[in-house]
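In what follows, a structure is listed as structure tokens, so that the remarks can point back to it.
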Amino acid sequence: MRMIRLRVNGQPVVREVPDHRLLVDFLRYDLSLTGTKEGCSVGVCGACTVLLDGQPVSSCIALAVMADGCEVTTIEGLAEDDRLHPLQQAFIDYGGFQCGICTPGQVMAAKALLDVNPHPSKEEIQAWMMGNLCRCTGYYKIIEIIESIQAVAEGKGAP
Amino acid sequence: MGRGIGMYDREPGAFGPSSATLSIDADARLTLLTGAADTGTGSYTVLQQIVAEELHVPLAAVTVVQGDTDTAAYEVGAGGSRFTHTAGQATLAATRELKQALVTLAAQRLGCAPAQVQLHQGRFVAAEGHSLDLATLMAWAVEQGTVPLTRTGSYLPTGPVAVTSFCAQVAEVEVDPETGQVQLRKLVTAHDVGTVINPLTHQGQIEGGVVQGIGQALTEHLLVQDGAVTTLHLGDYKLPTAMDIPELTTVLVETKAGPAPYAGKAVGELSNVAIPAAVANAVFAAVGVRLTDLPITAEKVYAGLRAKEGWK
């Protein structure tokens, strides 16, 4: 067991966890933040994507103890009170999700991209997002949303 | 480079009963109860749209309560490209019955016969011109003790429907003659559709189906050895990623014919099936290698290319 001290979605968290506790399980079961999904358990599908100090990680192959002293952002951390993040709203408005199981991971990965590159090209988006599998949408609308989100957020256009 | 065509047809699913129950409350809010759950296809919104369309109310006035088979009337659920057709018709039936009940109520309030009352642009209008809106009607109905007002609609298809839902697709591939590597560059998917009730979710179905077909055509393979599956997780079983999608063009040929409400057809299982055929035909057009088992891998194309050259 180990005591970890971290911040999750801006809030301080202090917990004792077994060394082998996965980050995805810590978030979902210890903190009841079930927005993060587990799709493959081997770190390839991206459904479990969360931001660790701003970097996208597969939480199903990360240990909770790795997050000690870090800032973790999950899908629950994007909205401010009742106002959805522009990315979330765009996913709703422009068909970015269907069943929703990959969606939290898609949105977190997209946010990480836009944080480092606010105007990514279609090719840059595809390369960045290839770690987030989706079976329902075929990716087209997700890519269009990320490509046009800056214009959408400024009220200038839609995908 | 080569292009290949694939075609597919199936009729909209027409099996199994559907039911829906529609209620209106004192604040003129509508609640539709359905036993089926929206799995992400957007069926919630399609049913919501049907109610809103018939009763001239905004979408926000309609709530769909879904998936509770303990309380909902019998519903087979989503599957077999049936739902917009059958659940849509059940919803339409419930809505039209409720509308008739509201017309009767409005006629009482307006002091005339129900046959003289029409719902026009959101108002119940009597023949001689008096009218009232739904909110006013429901506030009055509370005092008459007739709230909530509820009607259930059912629909049982009587057999296969006599409409087509054709899909024709053209795949353009680039094949490396040295390695057999296949790149799917462009795809056109053309669909014979009835009235499209929700363009956004309809297109979502087409795009998702296309990429599922691409996975089947090019990358997905479940390996079985001595009766045991050896492809154990998504690291081994290759689903298409955001990098694997071609430039896609969708063509909708819309006809006002179909068994769903407003002459809608179906689209759920249409865009996925013919993709492997289109891709295989495109590979044949590009390099003359005819493959008949999936996925179409570089190894198989390579073997075909070398066989054509007479290599052993």
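Give me the percent relative contact order of chain B, please, defined on Cα pairs under 8 angstrom at least 6 residues apart.
So the answer I get is 27 percent.
Measure nothing fancy, just the Cα-based angle from helix B:298-308's long axis to the longest principal axis of chain B, in degrees from 0 to 90, nearest 10.
The angle comes out near 50 degrees.
If you plug each phi of the stretch B:141-157 into the Karplus form 6.51 cos²θ - 1.76 cosθ + 1.60 with θ = phi - 60°, what whole-Hz ³J(HN,Hα) values come out, in order, with x for Gly and Pro?
Values, residue by residue: 4, 4, 5, 8, x, 10, 10, x, 9, 9, 9, 10, x, 10, 8, 10, x Hz.
Indicate, rounded to the nearest 5 percent, the antiparallel portion of the DSSP beta bridges found entirely in the protein assembly as shown.
Just about 80 percent of them are antiparallel.
Counting only C-alpha contacts under 8 Å and six or more residues apart, can you give the relative contact order of chain A as a whole percent?
Answer for chain A is 22 percent.
What number, in nm² with one decimal, is the all-direction average of the projected area of the convex hull of the alpha-carbon atoms of the stretch B:44-112?
5.5 nm²
What's the ranking of B:102-114, A:58-70 by average number of surrounding C-beta atoms within 10 Å, highest first?
Highest mean packing first, the order is A:58-70, B:102-114.
Kindly identify the protein assembly as shown as rounded, prolate or oblate by the Cα gyration tensor criterion: order the square roots of the eigenvalues as a ≥ b ≥ c, call it rounded if a/c is under 1.5, otherwise compare a/b with b/c, prolate if a/b is larger, else oblate.
oblate
Does the stretch B:220-259 come out rounded, prolate or oblate, given a ≥ b ≥ c as the square roots of the eigenvalues of its C-alpha gyration tensor, rounded meaning a/c under 1.5 and, failing that, prolate meaning a/b above b/c?
oblate
Looking at the stretch B:170-312 only, what percent of DSSP beta bridges run antiparallel? Nearest 5 please.
55 percent
Sort A:120-129, A:138-147 by packing, meaning the average of other beta carbons within 10 Å per residue, with the highest value first.
Highest-to-lowest ranking by the protection proxy: A:138-147, A:120-129.
Provide B:HIS202, B:HIS56, B:HIS85 in ascending order of the number of other Cβ atoms located within 10 Å of each residue's Cβ, fewest first.
B:HIS56, B:HIS202, B:HIS85
Please state, as a whole number in µm²/s, the translational diffusion coefficient that the Stokes-Einstein equation yields for chain B at 25 °C and 0.890 mPa s, with Rh defined as the Kirkwood radius across alpha carbon pairs.
Rounded, D is 110 µm²/s.
In degrees between 0 and 90, to the nearest 10, how far off the longest principal axis of chain B does helix B:275-287 point, with axes built from Cα atoms?
Helix B:275-287 and the main axis of chain B meet at about 30 degrees.
How crowded by other chains is B:196-208, given as the mean number of beta carbons from other chains within 10 Å of each beta carbon?
Mean inter-chain Cβ contacts per residue within 10 Å come to 4.
Kindly express, to the nearest 10 degrees and within the range 0 to 90, the angle between helix B:199-214's C-alpha long axis and the longest C-alpha principal axis of chain B.
Between helix and principal axis, roughly 20 degrees.
Averaged across the residues of A:127-138, what count of C-beta atoms belonging to other chains lies within 10 Å of each residue's C-beta?
6
Using only the alpha-carbon atoms of chain A as identical scatterers, what base-10 log of I(q)/I(0) does the Debye formula give at q = 0.08, 0.09, 0.10, 0.15 Å⁻¹?
-0.22, -0.28, -0.35, -0.76
In this model, which of A:LYS141/B:LYS186; A:LYS122/B:LYS186; A:LYS141/B:LYS256; A:LYS122/A:LYS156; A:LYS156/B:LYS186; B:LYS186/B:LYS256 are farther than 21 Å apart at the alpha-carbon?
From A:LYS141/B:LYS186; A:LYS122/B:LYS186; A:LYS141/B:LYS256; A:LYS122/A:LYS156; A:LYS156/B:LYS186; B:LYS186/B:LYS256, over 21 Å: A:LYS141/B:LYS256; A:LYS156/B:LYS186; B:LYS186/B:LYS256.
Across the residues of A:24-36, average count of Cβ atoms on other protein chains within 10 Å?
0
Per-residue HN-Hα couplings for the stretch A:12-19, Karplus 6.51 cos²θ - 1.76 cosθ + 1.60 at θ = phi - 60°, whole Hz, x for Gly and Pro?
Computed from phi, the couplings for the stretch A:12-19 are x, 10, 10, 9, 9, 9, x, 4 Hz.
None of the figures in this text is laboratory data; all of them are computed from the coordinates on show. Keep in mind the model is a prediction, meaning the values are calculated, not measured. Neighbour counts are summed over all protein chains in view; Cβ atoms, including those assigned to glycine, are modelled from backbone coordinates with ideal geometry.
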